[in-house]
Amino acid sequence: MRTRQIVLASRPMGMPTADNLRFEEKVTEDLKDGEVLLKSWFISVDPYMRGRMNESKSYAKPYQVDEPFRGSIIARVVESKSNLFSADDLVVGDLPWMTYITTSAENLRKIDPGIAHPGYYLGILGMPGLTAFFGMKDIGKPRAGETVVVSGAAGAVGIVAGQIARIHGCKVVGIAGSDEKCQMIKSEFGFNEAINYKTEKNIRKALKAVCSDGVDIYFDNVGGDITMGAIDNLNFHSRVIVCGQISQYNNTRFAMVPDILPRVLTRSILIKGFIVRNYGDRYDEGYAWLTEKVKSGELNYKQTIIKGFDKLPETFLGLFSGINQGKLMVEAE
Ligand code: NAP
């Protein structure tokens, strides 16, 4: 079977371009016992993939030059030599960016398209949903009446984090990069207020205007100036969930910001970074909660689906210009 794949052609300096990725064609390997042949359907693009394009050591192993990109993919089983899966099953797994994939059946998870659109298993019922769940509930510990600010609020993680805070009875303020996104998080996801950071130059003042009681929880997806504006509004005993720093991922130098520490001290602020994998032994708890809330309609979701395997490089790069509302993915078939 002929398959197409996308490999890392070269490591970027700063903002990546399509030239850092390369399409190739090859023939799939013969199926061995315990393996399945998969056809890719929905392929996730995620901000953490930018870090894996660098050589430097991090929590996720760097992609190797001339080797395929990889990440979460929803795929259909075409042929199975494993007793775990049959032809036509839908599975999700950490897989290479290929149209057809021969892989071990271990580490794949069967998904139920009867519960939700298959793409949800890349978003709210997948890694981004778990990230919002553990970050908000375990670190943020929201209480009714508190004020919660979420940056990157219209994205895969942000819309879930904001809704979890809303379910806990909090006032929720989102920060996003367009008027459409701000309108969406209020009308479709129940955020109380929204700030467009691209037109609102003074985030500190804008937050102060809508958070009359200050900020109790800041769920940080972006870092940089937006985060500095949020930190200025934090209350005594507030919590900062450092989930992502997308505004910094293409920087070639990293700034340290010790000048926030006096405020952290005097207001007894908790600032905690985390990686969702830290909660690997509690994923079932997260999946169960999120699935129940999706089924009951308490949690809504949004996906931006770009059609065509060929569109993967530009779709991935689109994360850094904000082309998506909710979870961004490519439909390969
Ligand atoms: P996403 O929000 O669906 O997509 C990325 C969004 O980031 C874009 O749509 C864009 O929205 C915004 N953005 C891009 N460049 C920006 C900049 N310079 N300043 C401010 N916003 C910018 O992505 P996601 O999957 O939900 O991930 C959100 C964050 O969580 C990322 O930082 C990611 O690395 C992190 N994350 C962490 C974990 C963990 O385990 N800690 C797990 C998953 C994700 P706008 O139009 O609003 O700018």
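The values are calculated or read from the model by the stated rules, or taken from the named source; none is laboratory data. Since this is a predicted model, take the numbers as computed values, not measurements. All Cβ positions, even for glycine, are placed from backbone atoms using ideal geometry, and neighbour counts span all protein chains on display. Heavy atoms of the whole protein, side chains included, go into the accessibility calculation; ligands, DNA and RNA do not. Shrake-Rupley method; radii C 1.70, N 1.55, O 1.52, S 1.80 Å.
Points to keep in mind about this one:
- Residue selected from segment 63-109 under the condition among the charged types (D, E, K, R) and within 21 Å of the chain's Cα centre (by Cα), by the criterion nearest to ARG50 (Cα to Cα): ARG70
- Qualifying residue in segment 188-202 (condition: assigned to a helix (DSSP H, G or I) and surrounded by fewer than 22 Cβ atoms within 10 Å (Cβ to Cβ)): no
- Test: residue in segment 227-246 that is open to solvent by 70 Å² or more (accessible area, probe 1.4 Å) and free of Cβ contacts under 8 Å to residues at least 12 places away in the same chain: no
- ALA60 being open to solvent by 30 Å² or more (accessible area, probe 1.4 Å) and part of a loop (DSSP other than H, G, I, E, B): no
- Residues of segment 149-160 classified as within 11 Å of the ligand (Cβ to nearest atom) and either more than 11 Å from the chain's Cα centre (by Cα) or outside any helix (DSSP H, G or I) (or both), total: 8
Yes/no matrix, rows are residues, columns are (1) of a type in the set (A, V, I, L, M, F, W, C); (2) at pLDDT 95 or above; (3) under 20 Å from the mean Cα position of the chain (by Cα):
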{"site": "ASP179", "(1), (2), (3)": "no, yes, no"}
{"site": "ASP216", "(1), (2), (3)": "no, yes, no"}
{"site": "ASP225", "(1), (2), (3)": "no, no, no"}
{"site": "ILE246", "(1), (2), (3)": "yes, yes, yes"}
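- Scanning segment 257-304 for residues that are polar (S, T, N, Q), open to solvent by 80 Å² or more (accessible area, probe 1.4 Å) and within 17 Å of VAL157 (Cβ to Cβ) yields one hit, ASN278.
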